[in-house]
Structure formats: structure tokens, C-alpha cells
Amino acid sequence: MMDTEDKTPGLLNFITKLGLEKFYPNKLTLQLLLEINKSNTYNHTVQTVEDIPWCFFGRLFQINAECRDCTQVPNNNHEEDLFNDQYDLDFCPTDDTDDRFNPVDIIVALFKCADSFLQQQMTLKMSMCQFSVPLLMPHSKNSQCNLMLWALRDIVKEWLPHELSQSKHFVEDNIVQADIPLYSFVRLKNCNLSKSQLLNIILSRGQQNHNYFIHREMEGGAIEKKIANGLVEVCWYLPSGRENLDIFPEPAAFANLRGDICESLTQFNFLYQVSTAVFVFLDKVEEHEQKILLSLPNVKTKLFLVVDVKDRNAKEDILSVKVTQEKLDLPKSSIQIKRSNMNVVEFSKNICAAIKTSNVTTMKIINMFDKAVELGLSVAECRSENQEKAAEEIMRGIGVRNISDYKKQQLPLQGDNWKRLSQLEKEQCRLKDFGDSGLEEYKCQLQQEVKQIKKEQSTYKLSKAMRTFIANLSTNNKEEQNYFLKWMKLKLDTKSREKLSALRKKFKEECRKKESELIAELDQALLESSLGIEHYMREMGLIYEFSLHSQKTVDEIVALPSVVAKMLLDGYPLELLDGDASNIPERWVTDVLMELHRKVGEKSRLLVVSVLGVQSTGKSTLLNTMFGVQFPVSSGRCTRGAYMVFLKVGEDLKTDLKYDFIVLIDTEGLKSPDMAQLEDSYEHDNQLATFVIGLSDVTIINIAMENATEMKDILQITVHAFLRMRQIGKKPVCHFVHQNVAGVSAHSKCMTERKHLLDQLNEMTKIAAKMEKQPSINAFTDVLDYKIDKNHWNIPGLWHGTPPMAPVNTGYSEAVADFKKTLLEIMKDDRDRKATQIPDFLEWMKSLWRAVKYENFIFSFRNTLVAHAYDNLCKEFSQWEWEFRKHIFCWQTEAELEILNTDNESEVNTWEKVVHSKKSQLSDKITHQQKLMMEKLIHYYKRKDRDVNLIEKYKNDFSKSIIGLAKEIQQSVSIKLDCALQLKISKKKAQDIQRKYRDLIEEQVMQLLGNYTNTSLSDEQLTDVFEKMWTDATINVCGLEHRDIAGSVLMQLKKNFLNRKVNKDLQDGLKEYGKQPFKVKNVHLDSWFKMVKNWFQHDCQSSADSAIESCTQFVLDTVKTNGDYHESFTRDLLEKIDSFLEHSCKYHKTNIQFEIDLKLHICSFATKQFLEMHKKFLYKNNPQNQLEKLKNQYLSDFLDLYKDRDHCQRKAKDFARVCIKPAVEDYVNRSLGVDIVDEIVTSCHSTEYSSRSYFQYNIQRELLQKEDFNSFVRYISNYEMYVKNWIYEHVKQKMSEDETLCKLKNKILQVIFTKITEALNKASKAKDGTHLEDNKESITEFINSMHKYLIKDILLSEEDEKAILFQIQSTCYPFIKSLKTSIEDLKAELQQEFSKSKDIAADLEKLPIRPHDELFKRVFGCGQQCPFCKVPCEAGGKEHTEHHAAVHRPQGLGRYRNLDTEKLVETLCTTDVYSRRKFRNTLTKQEWHPYKDYKAYYPEWHIPADPSVEASDYWKYVLVKYNEQFAEKYDAKPADVPQAWRSITKEQALKGLTEAFNMK
């Protein structure tokens, strides 16, 4: 009913007093009341007059029968005044009601402010509370009133007439369409007998007295009505089919006119004409009243006079009644007299008897329309005539034909094709029915059929019904759109009730018989015969969904997401999951929600609340009561699938709650008693529970306590779902709601039951954990943050009494309201939870839906949000790891220099103490860095902008990786320090020999000078004399002792084989090995393995070749350093071989002989290389050679001393050239490796090394672009070596670009020369800060000081220093000045050398810290490969518990072949592990084993399904392109690739790779 604006002062004043003036007339909307704000959340009591409407609405929408009790402002002094008034003899009560209101006035005011759709909701909820609702609404001074037909149209009631009680077939009908007799109750003047109170007694039974009508004995009921006179309210009595309980055997309506009929003649005349009987309450009948009664027709059968006899004036009053009776010719039975000695309850029985004996005539409320118009009443429905006609046009299209036929013609997209598409998409995941065809071929067939169906769907033209539906829905007039939707709903619900009643009856009969086949058939018939507005909305969504495949997508279709997004904002539900087809139109849902996201300015933080439970246990009612919504239910059937409603969060709560919307998801019931007998019922429930719980932030598990077995099944289903959410990082809040729990002590009494429930949950958790292969989970509290006293809610039963006349239990409403308030408080206090915006919600939805399509208990979850979150952490972790390594590298360089710079005159044990001290410092450093890295990890997991909750399960893996990294660095650096000590010892031996002969040479030089003091010889003559002396002095110089490298390697090898009884095989040493290529022989394989075909041996050979290549490269890289051989080199090599053997023995079942021969082969090669390294070191440090380097220096000194020449500048220059230059070059080399890594990981090249996933993507993209078969083979067969070489070449390339290497060298050069200059300046001063004395002795002090200041930076050779400074004649100052000049010259010289150096490879070989090795560590990871297709693991860190990779390959690329056909296997392991296929290999001892149970043999691997069919296009393309070549290389036959793969292009392959690695 829409009220034309009435500016009557009384009405306007009343509405203004309530603070509703801005909503009058009819401007208050349902959307405003559905908003989540403090008012409807916290149920504040009335404090002011303005609070009354909102308090009333809040409680009404909670279906709280006490909403009429909050229509008064409390008077705090009321009790005190009342006490005083009792003793005030002069007290005369006044009707001071400025802030007190009759509740009927409040209701009238609210209806006048509410728009027509809110009025419908108000009458619906008032009806649920068993309140009377307006039938006729008074207007200005009763000049006209409105028939509230529209407001009543939404009320649907159920009842069981006595005539149908035997069959138990209840009647369900829209109340305005039901043929029901109407009994009207009116009054003349101020009759003392309350007709409202009497009606309440009539409609109630025994102690279940209920106030259907507001009466004077209720709070505020006695206050004078200001605007409600002329209001006609109606209430219905509906029988339950029980004769001992029902008051009337058939349904009846009761109308109540407020006020005197003389003032509301229009209403009275209307009621008289439409009623079966009219009861007029009166004390007496005056003349003008008698005229009104005499004007009525058919009074004998319709009119009843109800006389309230007063003691005072009783005779006169009765006389007036008798006169009227005679004039009306009324029978005595039409006069009901209540005498003063009769109470109201007794009198009500008389009225009931009169009602039962009256002549029953029935009328539908919708048929009152014409009578209302005839009498001048307005009917607001007239405003929606066009929308009704449009809805009726669609209904005429249905006609009398079969609903299923109509749907096929007018709603074709949701028919068999849509259901078949759903089945195909599930089959693409499950691959159950592939039969004899190849698995990949079968997948291609499925894919082709999917494409064909989508193509067919896109060719359908808009049906007439859908054209009308979309046209009316697309209007810009929101009111017209709302009217159209409501008319559609009303008419379709009516149609469904007609069509489904017989089917439902039959369905229930078969359910009792438990005939599963018939149940399935009837369920299908019910499904096909159901037709609601949701079917048209679904069809509209599918029209849009498949329009993508049509070139003729019109603007009208393109605009549909915007239309529905507006509807969502207005509170309309959106079907998320089509329960009939069990499918989601992903594009449609995505575009609708993204449109909504845009409409709200991309502020769409969502709090998602869902409810799960057994069918028909009040899940929808629970949500409706909590939030005031009304989820759609197909008439006669429960919810199927899942619907979502968006509720806006008010500004007053948004800041605290941190959400913009609360999204409610209502689902079909789990463990439906009717559907439980069907074959796929349990699987369906699992899928639905996993999907809905996965989408939700809060999940309410609705439990009815009656059926323990049923409850146990529900718990098992939900525990599985929660367990799966824990796996993927989702942490929903879970609340268990126990309905139908009554009694004051219910909470304490239920504690035992709660503990029992927790025991059941724990039991279910263990079972589910076993099935989900998570043995570490032992209790429900391991899965969720669950507390027995905070996650349980006891809620009384919904109805107070026996339906259909039972009102909603106030205790139910109050408990639900309390639950809602607490739930929002919990979410408000949960600061760690990050709100999900719509784009992330959609991404999560798609991933979840794909995951649940897999078979029961095989949960395959891949989500780009998780992938991005994980990848972001990997990037950060890689950076932390490099910072850790870099810090230790810098310290290690300084420590090594300190060890090498220790006093040469000290004993070896002194040096060992220094090394021990350094190792202690190293432990402290590593502990500190480890702690810092752990803190970074902890801090990262506290961030709210990185979806860290999704990757919570990986936190422990990264923690372990930090510990593993610390151990690895500790071990590596400790070995480096040991190597530095050994180098120091070796050099000391050489230097001792060198010093001995240097002293001899210097003595000989001084002796020569003494012999030729007074002679005059030329330089040539002096040179000859010097040469002879030099030859004689150095003729007996001995070299360093050669070590037994082969013996050392063999000793390490024997230690490696300790206690394994293989000494006999090692007796011959290493000489005879390594001369020929290593060959795998039968003797290397287990006995049963030798009987298998040759390709196993070839596979083992290939694996061994890869290991040899990798170990060879390791040895070659090791010997490139400038140091001497150290036994740790052999230990590291053997560890590397052992790592390979651990994998090889697992997959190839090689024996101990294979291990011996392989180690001997590799160690033989290593021995030769280590020996060469040792020889090189001996040569470089040979005392003879070192002395030869100083020969010219001593000759120059001899000549200068003989001729007394100034050699200050030459000495300074020689010092810079011989001592400083090699030290500076060494410094540059020591620093350059770290700087190169820094340059690459922080520059524009950083993306390629930011994470293993990025690295894999880049390297595979380059492989595709190169199109080189050998590169693919190398990448697949020896991934480690390929990656190392790739990184090495990449580093060379990047360092050659824009002279990057030269710039880095010069940058380092600047640093060290700054340090040298600072050291030189500091050394120029004595310890007390004064300048050194200018004498020869000060030069030694100066050099020693300079050496001390640079002890951590460069290594200056003491022997070279002493040789340079031999017999220096200069004083200190000139030498320092000359040295400064020489150093500047040296700097320029080195810069010139760097700019000319173009051999980057040679430069890289000099570096002790190789950048390519460090980058390799960054991206290589654990090095494990998929056991089926050999794809490398991409998991972050090294200590992860589970290996995984983004894209897997056809298994033939990993050398897998069919033993019978010898053809390479074309199937992908990501396909096989979700199929029913089996595999066998050496690990299974050639016994067949299901792929889906691959974790029995490979528990460390997680192989999820491909995120899409196209994700593996890359490797499909590679196999097709090089099929023949791979077969030849692997000594097999080409794979039988599906025909569809041959059409994959290079561009598609790259696109698939890009999508698989989330590089969009």
C-alpha cells in the first residue's frame, strides 16, 4: 500500500514526534533496515521517543514477539509516583501521553512510512509472531482507507483441516488466495467489553494465551489512539488436524475494526459485505446506530450483537437492544449477552459456538479487490498493473503444459546440456570412465565435448519468456523492477504449489518405503517440475555465461552484471551454486561481483557467514532471524545449492568491524533424510561442506539434538571440510548451534552433552585426518581454535506451542540475537584476520570449486592467492638468505685475512688458537643472524597485507630452512677457516726456506759491497759479479715437500666405506680407474632387476652420467682456487655422490658394487685434478721461484748502494708494485663475487632470481624460444648442470653489458684505496699522535703500523716487504711522500687494466666467492625431482617437508615408458594421480600400485592437478615437437600423443606456461 501524502496535522505531528518525518510517506525501505549497524546488532533499549521505531523494527525483524513492548519511553520515576499516588486522595489521573503511545498507533505510523516492499516484510514477520496484521489502513480523517492486499500477498500458511487429518496431507497456500471465512468484530461507541481481548481468548487454547491483537490490558493498550481509529486488522486461525487441540476444524480469518463503526462506516460496510459473520460489540443501541444496523442486508445470517450488560442502566440498555433485535428480526442465537457475573473466558465459549453454527461462506482476500473499489477504498496494487501484466504474460506462456517441457523450451540453457557440462567438468578431474582409450586422449575427448556443449549453448536465441524477463529487469526504475520480481515470485510460487503437491505426497510415501530407485526418479521429477524466480535468474546468468562464445553479444546482455549487482546492493540474493546441476557459472558470478566491487568504489571488504546442517532443521530460519533477511526457497522444496546475500555494514560499525559487507550464504541441507539413500549423497555433502566452509569466515553448524547418528554424519562431513581448510591456510571460525534446547539450566545440563560432542569431534578428526593423510592431527582443537564453552550455543525451539498457531518463541529470538551480537564482537576483536575483498573472494571461490570437483577425500587445491602469497614469502626469504650469507661472507673474508696475517714467528698452536677463536666468533655471528632471520619470518607472518594466513602451514618449513641454512654456513665457513690455517702453515714452510736464503743473499750483497768499496766498476761488471753471487747462493734452495694426494683421497674413501667390508675392492688404489667411460653393468643391479628389460639399465646409465658430470664440474670448480688441496674437498665430493646414490638406489635399485665403482671412477678423476692443484700451489709458493722474483730488486739495491744513488722513489714504487698491488687485486677478487650477486639480485635482473618459480618460468620460456632439442634434453636429464651453466652464461652476459664488471671493480678499488690512504695517514703518526721521526728506523715502524691498520682488509707479504726495504737509505718522510704518489699511480694503472680486461670468464674463475654458485644456491633449492616426470621441486627453502612444482610434464619426458609397447608414456602425472590408473617401478618391485595413492611411496611429494587443461600445454607442445627425437635419445618408441595436442601452437604453449606460473 502506497500512501498518498496526508498532511493532517495530527498524523504529521505523530510521525514527526517519532523522528520519521523524512520517511513519510512510504520512503522507508527494506534495504535500510537490513543494514548491519549498532542499532540492530546490540538491541539497545528505548531511551527516547525517536528510538521506538528502530527498536520495534529491530525486534520485529528478529521475529521477537516482544517488539510491541518497546513502544514506550521508560519513566524512571514511575514506581515512586505510583506509590505516592495511591495515598493521594485528591489524585485524579490525567491522560498525559506526550511521550507514551498506543502500540497500534506506532504500527500504523510505521506502515505509513514504509514502502510497499517493506510493508510486505512487516506483515510477514508480524504473521510469524502470530500478530494481527493490517487489512484496511485508515487515511486522513477516515475519508478514505486502503485495502492492504499487496502487503498481505507474501504470507503463506500451512494447515491441516480435519477432513484431511487421516491422510496427513496438509494444505499450503498464500493467505490472500485461500478460501477462508472471515469473521469481523466491530463495536458501537465505547463498549467496555474488549473485543481484542476476547478474540485473543477465542484464538488461544488453555494456558497458551497469546495476544494476537493489542488490547487495553497490554502495556500502552489503554492509551488513547491518535491515528489508528479506522484500522482493520486481520488474524487467521489455522487447524493442526488434531481434534483434541484445535478450536475450529477449518481455517478462519478474524477481522478487528479499531474505533467506533459510526466513525468508520466505509470500513464497516466493507467488512459486512465480505464477512461470513459480523459481531457488533455494544452496551446499548442508540437511534442513529440503529439506522446503520437497519440498513444492512442479510442480517439474520450475518449479524451478531454482542451485548455487555452493565449493572447500572442495565434495563434501559437491554431494552434498546431488544427493540433493535425486533426491528432487525434477529433470532435469539444472534444475540450474545455477557452479564456481569460471567467472566470473559466463559463468554468466549459462547462466541465460539456462535461462530461454529453460523452459515459458512468463504471469500478470498484477492476477491475483495472489486468490493473495495466499489466502496471507494484505494488498492495500491493498481500502481503495479504493468508489472503484473508482464509477469502474467510469462505465466500464460506456461499455461497448462508440463513444467519440464516449458523449461526445455523457454529456459533451455539450464537443461541437459548444463547438467552434462557439470558432469564433464567433474569427469575431467576424476577420469573414472576412460576405459580402453589413453588417459590423455580421453581428456582431450572430454575437453572437445565441453567445447561443443559451450558452442551449442551459445547458439540458443533468447526465448520469449526470457526476453520479457530481462526487459522488465533491466529497467532503470527500481520500483518497477521490484514490483515485477515480486509479481513473478508470487505467481510462480502459486504455480509450483499447484504442480508439486501430488509429487511431494508421492515422494514422502516412497521415502518411507526406502525405494532408492523410485526416490531418485521422484527427486528428478520434483527437480524438473520446480519453477521459481531463481530459475529465470539462473537462465539469465547462463545466457551471459555462454555469450562469451557468441559473436552476437548484444548490449542488453553485456549490461546484465550491472543490473544484478544493483539488485545485490538492494538485498536480493544471488545463486552462487546451482544445486540442480551442481555447478557454478563462474564468469557470470565473477562479473556480477566485480561490477558490485566497482559500484562501491572498490571498497568491498567481506565478512562471509554461512550455515550448514541437516535439511529442514531451520538453517535458513536461523539466518533470517539473525539478519532479518528472507532467503528464497522453491515453493514446496528446501534450498538447493547455495545462495548469497550482501548486507551493507553501517558507518557506525564499519570502523570497528573493519568490513564493508556481511555476506550470508545459505545452503541446502546436508544428510537430507530423503536424499541419503541416493548413491552420491555423501559425496555431494562433502563437496558442498568443503566449498561453503572454504568460502566462509564464520561457519555455523546447525545441530538438532534429536538424532545422534545423523549428527555424527554431519560432524564427519564438516570435520573433513575444516581439516582441508587447515591444509590450505584458511581459518574459519566455527560455532555449533544446538536448536530445540530449552530450560533455564540448559547450559549446565548440556555441558555433559558438549563434552560428548567434543569427544565425537575428536573421534571424527582422527578418522578424517587418516583419510586426508594428516597423521599428526589427533584432536579437533588441532584443526580449529575451539573452546567448548564459547563455540557452542543452545537455542530454544523456534515455536512456542503447536504449529500452525504457535508464535515464534521469544527465547529463540533472544538467543539468536545474542548469538549474532557475540559473533560480531568476536570478529571485531579478531585483529589478525585480514578482510577479503571481492576480487580475492572470487579467486578463492574458483580455486575451491575446482578443488571440490575431485573425488571424495582427494582434495586438490591450487589457488593463485596462495601461490602469490607463497611466492612473495619465497622472494623475501631469498633476500633474507642472501643478506645472511653476505654478512657472513664479509666476516669470513676478514677472518681469513686475520689468520693469514698472524705473526709468522708464532708457533702453529698459536695460529690454531686464533682459528678456534674465529670459529667461536663465527658461532656467535651465525646465531645472531639466525635469530634476525627468524625475527623477520615472525614479523612477516604478522603482516596483514600478504595473505599470510593462507601459507601458515609453511611457516615451520621456513623455520627449519633457517636452521638448516645456519648449519650449512657454519660447516662451510669452518672448513674455509681450516683451509686458511693450512694455507698459512704451507706458506710458512715456504717462507722459512725463503727467509733463510734471503738472509744469505742479503749477507752476500753486503759482502760484495765491502769487497768493491774502493773500485770503479761499470753496471755491466757489477751485474756479472752479482749474477755469480746469486747463482752460488741459491744453488741449493730446496722446494716444498710433495703430499700424497692419491693416498689422502683413498683414505677419505675408506672412511666413507667404514664398516661396510669393501677394503678388498679398494686395495688396488685409484690408478686403474677412470681411464674409460663409466658403464653400468648387470653386476651393478639387484638380481631380480637384471631380468627386466634393457631400458632400466639405460636409465640408470643416464642417471650415473649426470652424476659424473655434476661431480666433475664440482671438482673443476674446486681446483680453480689459488689454494692448496684440502681433505675437505674429497669429503664434500663424497657427500655429493652419496646424495646422488640415495636417489639412485631408491629409483634404480643399484647395489653396493655400483656405489664402489662409481666412487672409484669419480675419485680417480678427482685425484688427478687435486694433484694438479697441489702441484700448481707448490710451484707458485716454491722458495726458488719466490727468490727469483726478488732478484732484480736485489740487483737494483746492489747497484744503488755501490754508486750511492737515491733509491727512495724506486723503493716506494717497488713497494706499491710488489706488496700492495697483489694485495689490492686479491681484495678486489674477494669482494667482487658478493658485489656481482648484489648487482644481479637488486638490479633490473632481480626478477629472474627472486624466487624459484620465477626462475623456472624464465628458464623454460627461454628454452621454448631457443627451440633446441639438446637443450631440452640437458634441462630434463641433468637439471643441475643445465641450471649452473645457464646461470654462469647469464652472469657473463650481464657483466659484459654496459661495462658492468669494470664498474664494479672500480667501485671496490675506490673502497680499498680509501682504506689504504686512511691507513697510510694513520701510520704516519706515532702511537701518541705525534709525527714519526724523519729517520730510516721510522720507515719500519710506519710499515708495521700500516700493516696493522689493514690486517682485516689485505694480505701484505712480510718477506716481500723486507726484501723491498733492504738497506733503504731514505728517511721516513720522503719515503711516505713517494709511496703516496706510487699508490695513486697504482690506482690509475689498475683502473686502466680493468678497462682493458674483456675476459669475464677468466675474471670469474679468480673469485673465491663465485657469484654463479651463490645464485645457483638461491634458485636451485633442494634439487629433488618429481618421481614420475622429473620436474624439479620449486618449494622455498631447503628444509621443506613437501616438494611441489607449478607445472608437471608428460611422464615420457622423464624416461617413463610402457614396458609392453616400449612407447614413451604420454600421460601427465598430474592427470594420473587423480585417475584410477596404476603404476609400477623399481620402488614398487614391479607390483602395480594406484597412482592416487602415490604418497605411499613418495610421501614427500605433493602433486596437485593442473590448474587448467591449458596449464600443461607447454610440455605437451615440447613432446609433440620432439617426440621422435626423445624416443631415439631414450632408446624407446615415440609416445602416442593425443591428436588434440598436435594443434597446440608455440604461442599457446607460452600462454599456458605464463598462466601456470601466475605471470599474468
remark   = The number of residues in the range 151-166 that are part of a loop (DSSP other than H, G, I, E, B) and acidic (Asp, Glu) is 1
ask   = Is there a residue in the range 742-759 that is at pLDDT 80 or above, part of a helix (DSSP H, G or I) and within 22 Å of Thr617 (Cα to Cα)?
value = yes
key: Matching helices (runs of 4 or more DSSP H) fully within the range 1121-1238 where at least 3 residues are in contact with a Leu (Cβ under 8 Å, 6 or more places away or on another chain)   = 1127-1148, 1152-1180, 1191-1202
query = If we keep just the residues of the range 612-630 that are on the phi > 0 side of the Ramachandran plot and open to solvent by 20 Å² or more (accessible area, probe 1.4 Å), which is modelled with the highest pLDDT?
reply = Gly618
message = assigned to a helix (DSSP H, G or I), surrounded by 19 or more Cβ atoms within 10 Å (Cβ to Cβ) and in contact with a helix residue (DSSP H, G or I) (Cβ under 7 Å, 6 or more places away or on another chain): which single residue out of Ile1376, Ile1409 fits that description?
response = Ile1376
query = Quick one: would you say Phe369 is in contact with a Leu (Cβ under 9 Å, 6 or more places away or on another chain), among the aromatic types (Phe, Trp, Tyr) and within 19 Å of Gln273 (Cα to Cα)?
reply = yes
inquiry  = Suppose we filter Asp99, Asp51, Asp81, Asp95 for residues that are at pLDDT below 50 and of a type in the set (D, E, K, R); which single one remains?
reply    = Asp95
request  = Go through the residues of the range 907-914 one by one and say whether even a single one is over 34 Å from the mean Cα position of the chain (by Cα) and aromatic (Phe, Trp, Tyr).
outcome  = yes
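Condition check ((1) modelled with pLDDT under 75; (2) polar (S, T, N, Q)) across all residues:
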residue: Glu509; (1), (2): yes, no
residue: Leu527; (1), (2): no, no
residue: His535; (1), (2): no, no
residue: Glu539; (1), (2): no, no
residue: Ser547; (1), (2): no, yes
message = Suppose we filter Thr1340, Thr1330, Thr1317, Thr1300 for residues that are surrounded by fewer than 14 Cβ atoms within 10 Å (Cβ to Cβ) and among the polar types (S, T, N, Q); which single one remains?
response = Thr1330
ask   = Looking at Gln1021, Gln982, Gln1004, Gln991, which is the one that is of a type outside the set (A, V, I, L, M, F, W, C), under 30 Å from Leu1190 (Cα atoms), open to solvent by 20 Å² or more (accessible area, probe 1.4 Å) and touching an Asp or Glu at 6+ places or on another chain (Cβ under 6 Å)?
value = Gln991
key: the range 926-959, subset in contact with a Gly (Cβ under 7 Å, 6 or more places away or on another chain) and open to solvent by 20 Å² or more (accessible area, probe 1.4 Å), residue farthest from Val973 (Cα to Cα)   = Asn949
ask   = Could you list, in sequence order, the residues of the range 205-244 that are open to solvent by 60 Å² or more (accessible area, probe 1.4 Å) and either within 20 Å of Asn350 (Cα to Cα) or in contact with a helix residue (DSSP H, G or I) (Cβ under 8 Å, 6 or more places away or on another chain) (or both)?
value = Arg205, Gly206, Gln207, Gln208, Asn209, Arg216, Glu217, Glu219, Lys226, Glu243, Asn244
ask   = Among the listed residues Ile261, Ile292, Ile337, which satisfies the condition of being over 16 Å from Asn190 (Cβ atoms), β-branched (Val, Ile, Thr) and touching a strand residue (DSSP E or B) at 6+ places or on another chain (Cβ under 7 Å)?
value = Ile337
task = Restricting attention to the range 369-387, report how many residues are in contact with a Phe, Trp or Tyr (Cβ under 8 Å, 6 or more places away or on another chain), of a type in the set (A, V, I, L, M) and over 22 Å from Gln481 (Cα atoms).
result = 3
inquiry  = Looking at Arg754 and the list (1) open to solvent by 20 Å² or more (accessible area, probe 1.4 Å); (2) charged (D, E, K, R); (3) in contact with a strand residue (DSSP E or B) (Cβ under 9 Å, 6 or more places away or on another chain), which single condition is not satisfied?
reply    = (1)
remark   = Log entry, pairs with first residue in the range 1229-1242 being under 22 Å from Cys874 (Cβ atoms), second being open to solvent by 30 Å² or more (accessible area, probe 1.4 Å) and charged (D, E, K, R), beta carbons closer than 7 Å, six or more apart or on different chains, reads Val1234/Lys886
request  = Name the single residue, out of those in the range 170-187 being in a loop (DSSP other than H, G, I, E, B) and touching a Phe, Trp or Tyr at 6+ places or on another chain (Cβ under 7 Å), that is farthest from Asp311 (Cα to Cα).
outcome  = Phe170
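Matching residues to (1) more than 30 Å from Asp1132 (Cα to Cα); (2) aliphatic (A, V, I, L, M):
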| position | (1), (2) |
| --- | --- |
| Glu952 | yes, no |
| Ile969 | no, yes |
| Ser972 | no, no |
| Ile975 | no, yes |
| Lys987 | no, no |
| Asp992 | yes, no |
| Glu1003 | yes, no |
| Gly1010 | yes, no |
message = So if I check each of Ile201, Ile247, Ile223, which one is hydrophobic (A, V, I, L, M, F, W, C), farther than 18 Å from Leu135 by Cβ and not in a loop (DSSP other than H, G, I, E, B)?
response = Ile201
query = If the Cβ limit is 7 Å and pairs must be 6+ apart or interchain, which residue in the range 1479-1500 that is of a type in the set (S, T, N, Q) pairs with which residue that is assigned to a loop (DSSP other than H, G, I, E, B) and open to solvent by 30 Å² or more (accessible area, probe 1.4 Å)?
reply = Thr1482/Lys1149; Thr1484/Tyr1497; Gln1486/Arg1480
ask   = Which strands (runs of 3 or more DSSP E) does the range 261-352 wholly contain that include 1 or more residues that are open to solvent by 30 Å² or more (accessible area, probe 1.4 Å)?
value = 335-338
note = Scanning the range 1167-1198 residue by residue, those charged (D, E, K, R), open to solvent by 50 Å² or more (accessible area, probe 1.4 Å) and closer than 26 Å to Met1006 by Cβ turn out to be Glu1188, Lys1189
Matching residues in the range 1522-1560 - criterion: being more than 18 Å from Ile1276 (Cα to Cα) and aromatic (Phe, Trp, Tyr) = Trp1541, Phe1557
task = Only residues that are open to solvent by 40 Å² or more (accessible area, probe 1.4 Å) and under 31 Å from the mean Cα position of the chain (by Cα): list them for the range 411-446, please.
result = Lys419, Arg420, Gln423, Gln428, Lys432
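Residues checked against (1) within 15 Å of Cys1429 (Cα to Cα); (2) surrounded by fewer than 18 Cβ atoms within 10 Å (Cβ to Cβ); (3) in contact with a Cys (Cβ under 9 Å, 6 or more places away or on another chain):
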position: Gln1451; (1), (2), (3): yes, no, yes
position: Leu1459; (1), (2), (3): no, yes, no
position: Glu1466; (1), (2), (3): yes, no, no
position: Arg1477; (1), (2), (3): no, yes, no
position: Thr1482; (1), (2), (3): no, no, no
position: Ala1511; (1), (2), (3): no, no, no
position: Trp1541; (1), (2), (3): no, no, yes
position: Ile1544; (1), (2), (3): no, no, no
position: Leu1553; (1), (2), (3): no, no, no
note = A careful count of residues in the range 24-62 that are more than 36 Å from the chain's Cα centre (by Cα) and small (Gly, Ala, Ser) gives 0
Subset of the range 1215-1258 (residues that are of a type in the set (D, E, K, R) and within 30 Å of Lys1377 (Cα to Cα)) = Arg1217, Lys1221, Glu1225, Asp1226, Arg1230
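The values are calculated or read from the model by the stated rules, or taken from the named source; none is laboratory data. Being a predicted model, the structure only gives us computed values, none of them experimental. Cβ atoms come from the backbone with ideal geometry, glycine included; neighbour counts cover every protein chain shown. For accessibility, only protein heavy atoms count, side chains too; no ligands or nucleic acids. Shrake-Rupley method; radii C 1.70, N 1.55, O 1.52, S 1.80 Å.
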